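S.K.: Handing you this structure, nothing more for now.
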Amino acid sequence: MTMNTGHEIREAIARGEVSAVEATETALAAIAATERRLQAYLQVTPERALARAKEIDAAIARGQDLGLLAGVPVAVKDLFCTQGVRTTAGSKILENFVPPYSATVVRRLEAQGAIIVGKTNMDEFAMGSSCENSAFKATRNPWSTEDVPGGSSGGSAATVGARCVPIALGTDTGGSIREPASFCGVVGVKPTYGRVSRYGIVAFASSLDQAGPMTVDVRDSADALEAIAGFDPMDSTSANVDVPHYAAQLRNDLKGIRVGIVSEFEESIAPDAAMHALYKRAYEDLRALGAELVDVSLPHSKYGLATYYLIAPAEASSNLARYDGARYGLRVDGPDVFSMFDETRAAGFGPEVKRRIILGTYALSSGYYDAYYVRAQKVRTLMKKDFDEAFARCDVIACPAVSCPPFQLGAKSQDPVAMYLMDFFTIPMSLAGVPAMSVPAGYVDDLPVGLQLVAPAFEEGRMFGVAHAYEQATRHAWARTPIVYAGDGHAA
Ligand code: GLN
């Protein structure tokens, strides 16, 4: 059997052509065959996966309804708590942490029949854009093993990009699903803030964090989001808004759709001629599908990075205060309790995490709180208004996901600001809380690049509709094959 998309696997299972156990074995073999080169996983969980697959097969044999993801192998970023399975957040401080419960999204995936095959590598506490901030290892890009897969959900992007599994979960605080999706040539979705429960996801910046799918095709993202989305009383910011059947909203043309092109962004991308040409062609492809292109403006987006790097570290400094050696995770003993706190945090956190804690603590400290944190919140409100005004003129926005194709390992690791700049095009949507996704848009220097599509809050279905029409017309994801590749046939 070939490793196809999730919906193809589910359909094959429904027809009795393949079992959940066989689908799981295929994924586990694909992981085993590529992992030495890819380093995408912190842990693979074959026993648990095969036991679960047997249960799914038995349920199907009993005539139970097939879940939305019945028998589909799925990988999850190591930021999601998995009951009884180590969850590290890519950090030494949680190296031996085994959560006593699973994140709501993990439970929802499993309730729909998905088989979780392992926990993927990531930047420590989801802080980074290259996966190089993992305390454990650097994941490679399946298109070029000299290059980074992006981050922070780099392991999830790489394993889907190499076609080991059709679906992986990531999280996105400022770009951590969309940027690695672009770098690895896969679809990556950051839902509306509040759409997906954060319960059981190790917190980075709570007003920004969202979980979402990373998949080979748009249809699988639609199904996976439908599986994980929806109200959860365990997350106070979860929205009580009905979840539609997204697959019913997939389109094959864009007649009557107004697509907003962000004038300021075009100037930002302009210096790189190849990137500029790629995005110009993508907009023309949307027009050829029937869309009307309209100019929109997001005038405050140029303050996005500055705003994000106050709000996200401020929230992180508060969230990460819990890792003190007293409750769970690493403990390094000292002569008294305060030195125990100090020693634990000094040994447990990596340099980027420490940098964020210092930045955030400073921004929240008395005397600076109004000057930095409160002002950043005000700019955030202005950015949200920009999107409201833009969406009065268009149905979706199309813009770059990234400013460059994947870069070499080590190329930016000594320069935090260069690394932060990777999220220039993704941060404004995170601050505004609107849904956004990256969909494969072609290749620059033989490396994949994604187009970002953005919709108003809770209009993920509209975004999927446009992404699907674009994907089916262009088929960039199927035009070439990565060098680390476990699939041998796609019929999406
Ligand atoms: N690269 C950004 C950061 O380092 C975004 C990370 C994320 O979305 N989790 O904060």
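The values are calculated or read from the model by the stated rules, or taken from the named source; none is laboratory data. Note that the structure is a prediction, hence the values are computed from the model and not measured. Virtual Cβ from ideal backbone geometry, glycine too; neighbours counted across all protein chains shown.
S.K.: Suppose the filter is in a helix (DSSP H, G or I) and either within 16 Å of the ligand (Cβ to nearest atom) or modelled with pLDDT of 95 or more (or both); does P335 pass it?
M.R.: Taking the combined requirement at face value, the residue does not satisfy it.
S.K.: Which pairs do you get when a residue that is among the hydroxyl-bearing types (S, T, Y), found in region 161-172, comes within reach of a residue that is within 16 Å of the ligand (Cβ to nearest atom) and not in a strand (DSSP E or B), reach meaning Cβ atoms under 8 angstrom, with the pair 6+ apart or on two chains?
M.R.: Within 8 Å, the pairs are T171/L79; T171/A126; T171/S152; T171/S153; T171/I177; T171/F204; T171/D209.
S.K.: I want to confirm something. Restricting to region 389-410 and keeping residues that are surrounded by fewer than 20 Cβ atoms within 10 Å (Cβ to Cβ) and within 15 Å of the ligand (Cβ to nearest atom), which single residue is farthest from A312 (Cα to Cα)?
M.R.: Across region 389-410, the extreme among qualifying residues is C404.
Residues are listed down the side, and each one gets a yes or a no for (1) β-branched (V, I, T); (2) under 13 Å from L38 (Cβ atoms); (3) in a loop (DSSP other than H, G, I, E, B); (4) within 8 Å of the ligand (Cβ to nearest atom):
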| position | (1), (2), (3), (4) |
| --- | --- |
| K119 | no, no, no, no |
| G128 | no, no, yes, yes |
| P149 | no, yes, yes, no |
| S156 | no, yes, no, no |
| A168 | no, yes, no, no |
| T171 | yes, no, no, yes |
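S.K.: Please go through region 60-83 and pick out each residue that is without any contact (Cβ under 8 Å) to a residue 40 or more places away in the chain and over 24 Å from A321 (Cα atoms).
M.R.: A61, R62, G63, Q64, D65
S.K.: In this structure, is T2 hydroxyl-bearing (S, T, Y) and modelled with pLDDT under 95?
M.R.: yes
S.K.: Checking the conditions here, which among E95, E132, E110 is within 13 Å of the ligand (Cβ to nearest atom), over 13 Å from the mean Cα position of the chain (by Cα) and not basic (K, R)?
M.R.: Being within 13 Å of the ligand (Cβ to nearest atom), over 13 Å from the mean Cα position of the chain (by Cα) and not basic (K, R) holds for just one of E95, E132, E110, which is E132.
S.K.: Is region 151-170 home to any residue that is buried (at least 24 other Cβ atoms within 10 Å of the Cβ), within 11 Å of the chain's Cα centre (by Cα) and more than 24 Å from T104 (Cα to Cα)?
M.R.: Among the residues of region 151-170, not one is buried (at least 24 other Cβ atoms within 10 Å of the Cβ), within 11 Å of the chain's Cα centre (by Cα) and more than 24 Å from T104 (Cα to Cα), which makes the answer no.
S.K.: Name every residue in region 71-102 that is of a type in the set (V, I, T) and buried (at least 24 other Cβ atoms within 10 Å of the Cβ), in order of residue number.
M.R.: Residues satisfying the conditions are V72, V74, V76, T82, T87, T88, I93.
S.K.: Moving on to the next point. Tally time: how many residues in region 249-279 are among the hydrophobic types (A, V, I, L, M, F, W, C), out of contact with any helix residue (DSSP H, G or I) (no Cβ under 8 Å at 6 or more places or on another chain) and in contact (Cβ under 8 Å) with a residue 12 or more places away in the chain?
M.R.: Looking only at that region, the number is 2.
S.K.: Additional query: Taking L330, is it touching a residue at least 24 places away in the same chain (Cβ under 8 Å), out of contact with any Cys (no Cβ under 9 Å at 6 or more places or on another chain) and not in a helix (DSSP H, G or I)?
M.R.: yes
S.K.: From the set of residues in region 184-212 that are under 16 Å from A224 (Cβ atoms) and outside any strand (DSSP E or B), which is nearest to the ligand (Cβ to nearest atom)?
M.R.: P191
S.K.: Tally time: how many residues in region 223-247 are closer than 26 Å to Q472 by Cα and either without any contact (Cβ under 8 Å) to a residue 12 or more places away in the chain or surrounded by 12 or more Cβ atoms within 10 Å (Cβ to Cβ) (or both)?
M.R.: 11
S.K.: Would you please name the residue that is farthest from the ligand (Cβ to nearest atom), looking only at residues in region 338-366 that are free of Cβ contacts under 8 Å to residues at least 40 places away in the same chain and not in a helix (DSSP H, G or I)?
M.R.: So, considering only residues that are free of Cβ contacts under 8 Å to residues at least 40 places away in the same chain and not in a helix (DSSP H, G or I), the one farthest from the ligand (Cβ to nearest atom) is S366.
S.K.: Which condition from (1) touching a residue at least 24 places away in the same chain (Cβ under 8 Å); (2) out of contact with any Lys or Arg (no Cβ under 9 Å at 6 or more places or on another chain) is the one that P100 breaks?
M.R.: Of (1) touching a residue at least 24 places away in the same chain (Cβ under 8 Å); (2) out of contact with any Lys or Arg (no Cβ under 9 Å at 6 or more places or on another chain), only one is false for P100: (1).
Residues checked against (1) more than 19 Å from I257 (Cβ to Cβ); (2) without any contact (Cβ under 8 Å) to a residue 24 or more places away in the chain; (3) of a type in the set (D, E); (4) part of a helix (DSSP H, G or I):
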| site | (1), (2), (3), (4) |
| --- | --- |
| T381 | yes, yes, no, yes |
| S413 | yes, no, no, no |
| Q452 | no, no, no, no |
| F464 | no, no, no, yes |
